[in-house]
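S.K.: The structure that follows is given in the form of C-alpha cells.
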Amino acid sequence: MLFNSLSFVLFLIIVLTLYYSKLFKWTGKKRMLLLSSYIFYGMWNPPLVILLWISTIVDWTAGKRLAVEDNQKKRKMWLLLSMFVNLGFLAFFKYGDFLLENFVVVMNSIGIDFQAKPMDIILPMGISFYTFQTMSYTIDMYKRKIEPARTFLDFALYVTFFPQLVAGPIVRAKDLITQFYEEKKATTNQFIWGLFLLTIGLFQKVVMADTLLAGTSDAVFGSSKLLHGVDAWVGTIAFSGQIFFDFAGYSTCAIGIALMLGIILPDNFRYPYASLGFSDLWKRWHISLSSWLKDYLYIPLGGNRHGITRMYVALMLTMLIGGLWHGAAWTFMVWGGLHGTYLILERLQRKYLPFKITKWNGIFLAFITFSCVNITWVFFRAREFETAWNMIKSMFYMQTDGVKILDTFTIIKVTTVIAIMFLCHWVMRNTSMKDVSLKTSPYVLGVVWAIMTFLIIIAQGSGEQFIYFQF
Amino acid sequence: MNLNKSFILAIVLALAGLICWEIFWRSKPEFYKAVLEDDRYLWAEHRAEVEKATKEDIILLGSSRTGFNFNTHVWNKVQGIKPINLATNGKPPGPFLNDIVYNTTFNGTLVIGVSPLFWFDVAENNRWQPANQWINHYHNQTYAQKLGYFLSKPFERNLVMLTSSELEFYNDLDLKSLINRVTISGRIEDDRMLYNFSYHDEDRNLMMLPIMKTDPEFAKKITYVFDGFLPSIPGFEAIKDEMPGIIDYYKNVIELFKARGGKIIFIRHKVEEPWNKVTKRFLPREKVWDVFVREVNCPAYHFEDYQFMSKYTLPDWSHMYVDDAKTYTRDMVNKLIEDGYLKKL
C-alpha cells in the first residue's frame, strides 16, 4: 500500500480509530497493529507476507536461543542461521538474476558456451529494509548488546510495523521494541504534529518529486542521445532533487504516522544537501542505513582500529556493499565506489591539507559536496553504463553540439527548485523543522499547511511508487 | 506551539481553496465535465468482462477513431448486444489483440478499427509500450490499487477539478499539466500540445465536445497539432521491407484466434484529406490494406468503398462528432447484420 493513495487514507483512518477506541487493551492494540501491518503489506502481494513470517520466526527463535545459550559455538550457529535465512532471501529475490547474468558472462568469457534464461523473480517490496532491521536484532543479541524482546508479539510488530516496513527508517530493536512494552498514546500536539509531518512527506513526494522533477529526470535519463551539457546537468540535478524528496518524503510520512500512534521513529534525513564533506553527508542522508552499515559492516571489518590502509579498505568495501544494497547492478557498485573514493579523499585532505571551515567558505564547500554527489547520482539513476557514460561526457565536455531536449521553462523550473532546496538545506542544517515551527506563528504555519494540502490534492498524483520501494 | 490553531486554519483554508478551485473549473462546462477518468483502471474493468464473455459477445478494439465513431449504446439498440469496448485513445490495438488471443479463451467476434499509422507498425516498438502497460496493469493490479480505484470513483464522478489524463493533454487540470502550460520559446522546437476535445461515459464511448462544432478556432487547435507531424511521415519506401513481416505477424495471431472459432471484422474509419493523403503516401491501399485483408482473409470495410461510411465531415480531420457517430454506428451495425457477420438478437 502506498502512503500517497486513497486506500492508505482509508486504512490509516480505520487503524487510528481502532487504536484510539476503547475496544482493545494494549496487547489487543498491538495485535491489531500487527494484523494491520500484514494487511498493509499483503494488499500489494499477499503470498509474500510468508517471507515476513519466516524472517520473524527464524529471528525470534535465534534471538531467544542467543539470550540463554552460553556455548560460543552454538551461539555462532544461531547467528549464522539468522544471517543465512535473511541474506539468503536477499540473495535469491534481489540478486538472483544479477548473479545468474554475471555467471553467464564469466562462463562465456572463459570460452564455455552457457546460456541461462532470466528467472524473472518478483522483488518483494522493501525486502532490503526489513531483512536489515531484523538482522540487527540477532546481531545485537549475539553481541549481548540488547535484551531479548519480551514477547513474540513485540518482536513480530518490530519486524512488521507498517509505517516503516517497506522503506525505513531501519530502526534498531533497542529503539523500537522497548516502545511496545508500555501503552502508547499520542498527545494532541504529537498527533497534530504527526499529521503535519505526513502532509510534508506527501508534499515532498507528490508535488516536489513527482510533479516538479520526475518528468525532467525521466526525459534526460531515458534519452539514448548524446545530450547537450546543460540538459545533462539539469536532468541530473532534477534526479538529485527527486530522489531526496521521494525518499525523505517517505521517511517523513513514516515518522509522522508513527507519531500519530505515539511511537517515535528516528530521523532519517537531516538536510543532506548542505553537508560539508562526505562524512557529514552520510550522517545526514539515509542515516538509519549508514549507521547500520557502520555498526554491522565497517566496524566489524576493522574500522579505523588497524591502520590507515585497512581503514580505507573497510571504508571502500562498506560503500561498495552499500551500493549493492540499493540494487542488483554494477552501476550501483560504481555509485558506492565513488562515495568510497570521496570518503578516502576527504580523509587524505584532512590529514595533508587541513583547513578550517568558516561561515564564509562553508556554503561554498557545501556546494562542492552537492556537486560531487550529483555526479554519483548519474550512476545511480542510469540503468546502463552507456547511458551513464554519455551523461558524464555531456556534463564534463559540456557538449555544445549535443542534442537539446529540455525547453527553457523546464530548465528554469528545475534550477529554481534545486537552488531553493539547496538554500533551505543550508539554512536548516543546524536546526530542525520542530525548532523552526516553534518560532513560527501558528497562523503562518496554518497557511503553509493549507497551501501544501491544496497542492497535494490538485496535483492528483497517480499513486506513483516511491523510488526506494525497489531497494 | 499552538498546533490546534494551525490545524484548524489549515483545514479551513485548504477547503475554501478547493471549493473555489472546483467552482472556477465548473464555470467552463464547454471544456470540462465531472466523469470517471478513462484510464487503465476503467479499461481494466471492461477487460475483466472478457473473462466471462461468450461466443455471442463482441469486443471493440482500436484507437481513438473507434472510440469516437462507435457508440455501444446505439450498437446495443440495433443488434441487441452491447459490445465490450476495449478501444483505447492514443494507443495501438496490436497489443490488445495479442492479449485477447494469448491470454483469454474468448472465441466471439472482434471488431477492430484500423488506424493504419498505428496498426501497420513494427510490432513491439515504443508505441506498444503504453498499451502493454495497461495490459500488465490488468493482469498485475494489486488489491491496494483496486481498493484505491473503488474509493476514487465518487470523487472523479463528482469533481471537475480531477480532470486529467495519462495522455497529458494541454488543458488537463492536474498540477503538472497546469505548470507545463507555461512555455518559453527558443531553445528547442515548441511541442504542439494536444488539447482534450472529448468527454466519455463509463462504457468508454468517447464523445466530441460540442465546442469542436461551435468554435472553429478551437477545432483548429487540434488540426494544428496534426499538421505538425503529418508532413514528416515518410513515403512507402521507409516501411516497404518491413511490411511483409508486419502482415505475417498479424496473420499468425489472427489464424490462432480463428482456429478456436473466433471471428474478426476490420473497419477503416473515415479520415479527411490531410490525413488520407499522408496515409496513402506511407501505406498505399493497394500495397498494404488490400494485401493485408487478402492475407488474413477476414471481412473488412474501407470508408472509401461505402457511402454511409464516408458521408460525414470530421471537425478535427480524424474523428466523428457525437451525433454523427450515432448514425454511423447504426448504419455500420445494420450493414454487418445484412452481410451476415453479426446476428440480431
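S.K.: For the range B:1-48, how many residues meet the condition of being surrounded by fewer than 17 Cβ atoms within 10 Å (Cβ to Cβ), of a type in the set (Lys, Arg) and either away from chain A (no Cβ under 11 Å) or outside any helix (DSSP H, G or I) (or both)?
M.R.: Number satisfying all stated conditions: 3.
S.K.: Filter the range B:181-197 down to the residues that are within 8 Å of chain A (Cβ to nearest Cβ) and surrounded by 15 or more Cβ atoms within 10 Å (Cβ to Cβ) and list them by number.
M.R.: Across the range B:181-197, the qualifying residues are B:Arg187, B:Ile188.
S.K.: Now, a different point. Within the range A:158-176, track down each residue that is surrounded by 23 or more Cβ atoms within 10 Å (Cβ to Cβ) and assigned to a helix (DSSP H, G or I).
M.R.: Selection gives A:Tyr158, A:Val159, A:Thr160, A:Phe162, A:Pro163, A:Gln164, A:Ala173, A:Leu176.
S.K.: Now for a separate question. Looking only at residues that are among the aromatic types (Phe, Trp, Tyr) and out of contact with any helix residue (DSSP H, G or I) (no Cβ under 6 Å at 6 or more places or on another chain) in the range A:380-419, which one is modelled with the lowest pLDDT?
M.R.: Only one residue tops the list, namely A:Tyr397.
S.K.: With respect to B:Asn76, is the statement that it is without any contact (Cβ under 8 Å) to a residue 24 or more places away in the chain and not basic (Lys, Arg) true?
M.R.: In short, yes.
S.K.: A follow-up question, please. Can you pull out the helices (runs of 4 or more DSSP H) entirely within the range A:206-301 that have at least 2 residues that are more than 14 Å from the chain's Cα centre (by Cα)?
M.R.: A:214-221, A:229-260, A:278-281
S.K.: Which of the helices (runs of 4 or more DSSP H) contained wholly in the range B:232-345 include at least 2 residues that are of a type in the set (A, V, I, L, M, F, W, C) and either more than 18 Å from B:Ala87 (Cβ to Cβ) or in contact with an Asp or Glu (Cβ under 6 Å, 6 or more places away or on another chain) (or both)?
M.R.: B:243-259, B:273-282, B:289-296
S.K.: Please give the number of the condition A:Phe332 fails out of (1) farther than 24 Å from A:Phe367 by Cβ; (2) under 17 Å from the mean Cα position of the chain (by Cα); (3) in the same structural domain as A:Val378 (by TED's automatic domain parsing).
M.R.: (3)
S.K.: Identify all residues within the range B:166-192 that are within 27 Å of B:Leu18 (Cα to Cα) and assigned to a loop (DSSP other than H, G, I, E, B); write none if there are none.
M.R.: B:Glu166, B:Leu167, B:Glu168, B:Phe169, B:Tyr170, B:Asn171, B:Asp172, B:Leu173, B:Asp174, B:Arg181, B:Val182, B:Thr183
S.K.: From the set of residues in the range B:156-180 that are polar (S, T, N, Q) and within 13 Å of another protein chain (Cβ to nearest Cβ), which is surrounded by the fewest Cβ atoms within 10 Å (Cβ to Cβ)?
M.R.: B:Ser165
S.K.: Quick test for you: out of A:Phe466, A:Phe385, A:Phe380, A:Phe364, pick the one residue that is away from every other protein chain (no Cβ under 14 Å), touching a residue at least 60 places away in the same chain (Cβ under 8 Å) and either among the aromatic types (Phe, Trp, Tyr) or within 22 Å of B:Ala14 (Cβ to Cβ) (or both).
M.R.: Matching residue, one of A:Phe466, A:Phe385, A:Phe380, A:Phe364: A:Phe380.
S.K.: Out of (1) facing another protein chain (nearest Cβ under 10 Å); (2) at pLDDT 95 or above, what's the single condition that is false for A:Trp44?
M.R.: If we test A:Trp44 against (1) facing another protein chain (nearest Cβ under 10 Å); (2) at pLDDT 95 or above, just (2) comes out false.
S.K.: A:Asp407 is checked against (1) out of contact with any Lys or Arg (no Cβ under 6 Å at 6 or more places or on another chain); (2) charged (D, E, K, R); (3) under 22 Å from A:Leu212 (Cβ atoms); (4) within 14 Å of chain B (Cβ to nearest Cβ) and fails just one. What number does that condition carry?
M.R.: That leaves (1) as the condition not met.
S.K.: Still on this structure, please answer the following. For the condition among the small types (Gly, Ala, Ser) and in contact (Cβ under 8 Å) with a residue 12 or more places away in the chain, what is the one hit in B:Ser185, B:Ser165?
M.R.: The unique qualifying residue is B:Ser165.
S.K.: Being exposed (fewer than 15 other Cβ atoms within 10 Å of the Cβ) and under 17 Å from B:Arg268 (Cβ atoms) is the filter here, so list the residues in the range B:311-345 that pass it.
M.R.: Residues satisfying the conditions are B:Lys311, B:Asp339.
S.K.: Quick one: how many residues across the range B:124-161 are more than 30 Å from B:Cys20 (Cα to Cα) and outside any helix (DSSP H, G or I)?
M.R.: 6
S.K.: Run down A:Ile375, A:Ile418, A:Ile392, A:Ile451 and say which single residue is out of contact with any Lys or Arg (no Cβ under 7 Å at 6 or more places or on another chain), aliphatic (A, V, I, L, M) and within 12 Å of chain B (Cβ to nearest Cβ).
M.R.: That would be A:Ile451, the only listed residue that is out of contact with any Lys or Arg (no Cβ under 7 Å at 6 or more places or on another chain), aliphatic (A, V, I, L, M) and within 12 Å of chain B (Cβ to nearest Cβ).
S.K.: One residue is enough: does the range B:89-107 have a residue meeting the conditions more than 14 Å from the chain's Cα centre (by Cα) and more than 22 Å from B:His137 (Cα to Cα)?
M.R.: Looking through the range B:89-107, at least one residue is more than 14 Å from the chain's Cα centre (by Cα) and more than 22 Å from B:His137 (Cα to Cα).
S.K.: In the range B:149-176, what residues are under 21 Å from B:Ser64 (Cβ atoms) and in contact with a Phe, Trp or Tyr (Cβ under 7 Å, 6 or more places away or on another chain)?
M.R.: Scanning the range B:149-176 gives B:Thr163, B:Phe169, B:Tyr170, B:Asn171, B:Leu173.
S.K.: Every residue in the range A:9-41 that is within 12 Å of chain B (Cβ to nearest Cβ) and under 14 Å from A:Val166 (Cα atoms), please.
M.R.: Result: A:Ile39, A:Phe40, A:Tyr41.
S.K.: Could you tell me whether the range B:87-104 includes any residue that is of a type in the set (Lys, Arg), in contact (Cβ under 8 Å) with a residue 40 or more places away in the chain and more than 14 Å from chain A (Cβ to nearest Cβ)?
M.R.: yes
The values are calculated or read from the model by the stated rules, or taken from the named source; none is laboratory data. This is a predicted model, so every value here is computed, not measured. A quick note on method: Cβ atoms are made from the backbone with ideal geometry, for glycine too, and the neighbour counts reach across all protein chains shown.
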